[in-house]
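Engineer: Here it is, the structure, as structure tokens.
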Amino acid sequence: MTLEELIGNFTTTPFLFVGSGMSRRYLNLPDWKGLLKHFVDVIGKDEFAYNSFENKAKSSECKAGIMPKIAELIQHDYDEKWFADSNIRTVGEAGLKEIQNGVSPFKVEIAEFIRNNCLIQDTYADELDELRFLAEKSISGVITTNYDKLLENVFSGYSTYIGQSELIFSALQGVAEIYKIHGDIDKPESIVINEEDYLEFDSKSAYLAAKLLTIFMEYPIIFMGYSISDTNIINIIKSIVQCLNTDQLRILEDRFIFVEYRADFVGAEITPYVIMAGDKPLTMKRIILSDFMPLYKALENKRAKLPVRILRRFKQEIYDYTISSVPTGHLRVAALDDNRVGDEELVLSIGKMSDYGLKGLSGLKPNEWYRSIILDDLDFTADDLLEYAFPPLIKQNSGRLPINKYLSKATKEFEECKKIAVSLDFDHIISNTIKKNRKCLGDYTSVTQIWNQEKSSLEKATRLISHLPQDEMNVDELEKVLQEIFDKDVNVLETAQVGTRSHIRRLIMVYDYLKWGKEKELHD
């Protein structure tokens, strides 16, 4: 089997699972042992100092393996030395602040060391350029145990999640994302390196496995930069494999690819390889090579139709709308609750806003317009809103709609809109019925006073505020109240009782006039 045949069998673009070997190859960073040796040399120049820590670890209980135990012992001595001897400190002001906040000097200095010692290797510049090309359409995402910034620099436009907590508590889209499961140099406290870190990581491995399970089942996974016997990888695979039955394991056999670097190896050799994940055998494909370029070139043949970062944005927009039912600046939804609209009539479109967005403005709902006066959540210019959205909306709303905000921001002249704005001053916004019944205010004389006392009843609070005369309607107080109302329920104009919705819309009209319309009248 050739590399092209192997990649050709993929049903989708793969995820990469990247280890420290990639950082050694492209950034000339040390491996785990080399990193620890550097910090041993900082606190003691004895040529056997590292061996001493290693020997001590071997005679101790290693709950997470030998290397995390060695790291734990070195960290203990290093932190003591760091606090006692200012000569070994290399971090700047930001690092010192992190240490003051309780982060281990060892981890902060590790982050600083990696940050200052990343050196792109000219020998592999062509491989990196090819990897950047693949990032656009041929790689779905990346999982890594590395701390450095190589992947963010190569996979431009991907969203990054750092540590288990971000992964577990985030809504992952599974495309154009980088999962840094062992931490990142920008967050030294997230770095997983010592025994305690690994034990905590393992304690949450079931949650992480649940998050990654869909990715492992839906995408090919290419492991790069690891030893095939790396316990980190074996443990992660084990956590996922334990969730699967025999049939599901067979699916993984064609999707797990392990790339083994072997110096001076000519060409690429592809063979089956079996690892034991607990008591379950898992067969995968192993690629032995020294030159990564043939693999990257083979991956060129598996390309998504659209850039993966665009696919991720689309999935995120749909997800956000599903959760909140609130259209975003890049997702417009119109009339889907109309029972005359059949499923076959629905259209999802991906493209430039200039191609589709302005046409979609004609379908903007009145409540979206009102809400935008407070939340500013319409991602269109004032000119476009006034030209495309306002004309049909004003017809639906009996000639009443807040408009001063967008007139104040418009760069074009909208004479008809101006006439409407002039006609909607405070006296015309407030009905005669309200003017005749202001005695209901009692002793209330301000927006804040009413809100603080009556906000437990949204209907009563908004009704009473609507009765305030203009000289008692403070625009800043009104702004705070309206923002608080929408903060509590962004869809309040859809969910509140009919009377309450009317009061809120009236207050938005008043706010729009006082903040932008009245000020313009004074200047005119």
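Engineer: Compare the Cα positions of G65, L507, V266 along the charge dipole of the chain (+1 at Cβ of Lys, Arg; -1 at Cβ of Asp, Glu; about the Cα centre) and return the one farthest towards the positive end.
Structural biologist: It is L507, whose Cα lies furthest towards the positive end.
Engineer: Then there is this: Please provide three numbers in whole Å: the alpha-carbon extents of the chain along the principal axes, with the largest listed first.
Structural biologist: The Cα atoms of the chain stretch 92, 61, 44 Å along their principal axes.
Engineer: Right, next: Relative contact order for the range 6-128: what percent, with Cα pairs under 8 Å and sequence separation of 6 or more?
Structural biologist: Values: 74 pairs, mean separation 40.4, N = 123.
Relative contact order for the range 6-128 comes out at 33 percent.
Engineer: Using the crude model of +1 on Lys and Arg Cβ and -1 on Asp and Glu Cβ, and no other charge, please compute the dipole size for the range 426-523 relative to its Cα centre, in debye to 20. Could you put the intermediate results ahead of the total?
Structural biologist: Working: 15 positive and 16 negative charges, 87 e Å.
The dipole of the range 426-523 has a size of about 420 debye.
Engineer: Once the dipole of the chain is set up with Lys and Arg at +1 and Asp and Glu at -1 on Cβ about the Cα centre, which of A382, I240, I74 lies farthest towards its positive end?
Structural biologist: A382
Engineer: Mind checking which lysines have their Cα closer than 19 Å to the Cα of K211? Skip sequence neighbours fewer than 8 apart in that chain.
Structural biologist: K180, K238, K315
Engineer: Can you spot the aspartates and glutamates whose alpha carbon is less than 13 Å from K187's alpha carbon? Ignore those fewer than 8 places along the same chain.
Structural biologist: E98, E109, E112, D148, E166
Engineer: Run the dipole for the range 32-116 about the Cα centre, Lys and Arg Cβ at +1, Asp and Glu Cβ at -1, nothing else charged, and hand back the magnitude in debye, nearest 20. Kindly include the intermediate steps, with their values, before the conclusion.
Structural biologist: Details: 12 positive and 14 negative charges, 52 e Å.
Dipole of the range 32-116, to the nearest 20 debye: 240 debye.
Engineer: Further question: Calculate the length of the line joining the C-alpha centroid of the range 84-160 to that of the range 23-44, in whole Å.
Structural biologist: First find each Cα centre; the distance between them is then 14 Å.
Engineer: If you average the C-alpha positions of the range 499-519 and of the range 284-316 separately, how far apart do those two centres end up, in angstrom?
Structural biologist: The two parts, judged by their Cα centres, are 53 Å apart.
Engineer: Around I168, what is the net charge, scoring Lys/Arg as +1 and Asp/Glu as -1 over all other residues with Cβ under 10 Å from its Cβ? List each step's numbers first, then the result.
Structural biologist: Numbers: positive: K204, K211; negative: E166.
Net charge around I168: +1.
Engineer: Per the Kirkwood formula on distinct C-alpha pairs, the Rh of the range 373-516 is how many angstrom? Write down the numbers at each step before the final one.
Structural biologist: Numbers: mean 1/r = 0.0628 Å⁻¹.
By the Kirkwood definition, the hydrodynamic radius is 15.9 Å.
Engineer: Ok, one more. Can you spot the lysines whose alpha carbon is less than 24 Å from K58's alpha carbon? Ignore those fewer than 8 places along the same chain.
Structural biologist: Answer for K58, where 24 Å is the Cα cut-off: K33, K37, K45, K69, K81, K107, listed by chain and number.
Engineer: Compute the FRET efficiency between M276 and L199 as 1/(1 + (r/R0)^6), taking r as their Cβ-Cβ distance and R0 = 22 Å, and round to the nearest 0.05. Please report the intermediate quantities before stating the final value.
Structural biologist: On the way: r = 22 Å, r/R0 = 1.01.
Rounded to the nearest 0.05, the efficiency is 0.50.
Engineer: Which order do peptides 58-70, 379-391 fall in by mean Cβ count within 10 Å, highest first? All intermediate terms of the calculation are to be shown ahead of the outcome.
Structural biologist: Details: 58-70: 15.9, 379-391: 18.4.
Peptide ranking by packing, descending: 379-391, 58-70.
Engineer: Still on this structure: For a test of understanding, tell me how many lysine pairs in the range 406-467 have Cα atoms under 26 Å apart, given they are 8 or more places apart or on different chains.
Structural biologist: 10
Engineer: Can you give me the span-like helices of the chain, meaning DSSP H runs with 30 Å or more of Cα extent along the axis and Kyte-Doolittle mean at or above -0.5? Each step should come with its number before you reach the end.
Structural biologist: On the way: long enough: none.
None pass (Cα extent of 30 Å or more, hydropathy at least -0.5).
Engineer: Let me ask something else. Roughly how many debye, to the nearest 20, is the charge dipole of the chain about its Cα centre, given +1 on each Lys and Arg Cβ, -1 on each Asp and Glu Cβ, and no other charges? List each step's numbers first, then the result.
Structural biologist: Details: 64 positive and 82 negative charges, 286 e Å.
Around 1380 debye, computed over the chain.
No value in this document is a laboratory result; all are computed from the given coordinates. Just so it is clear, the model here is predicted, and its values are computed rather than measured. Every residue, glycine as well, gets a Cβ built from its backbone with ideal geometry; the counts of neighbours run over all protein chains shown.
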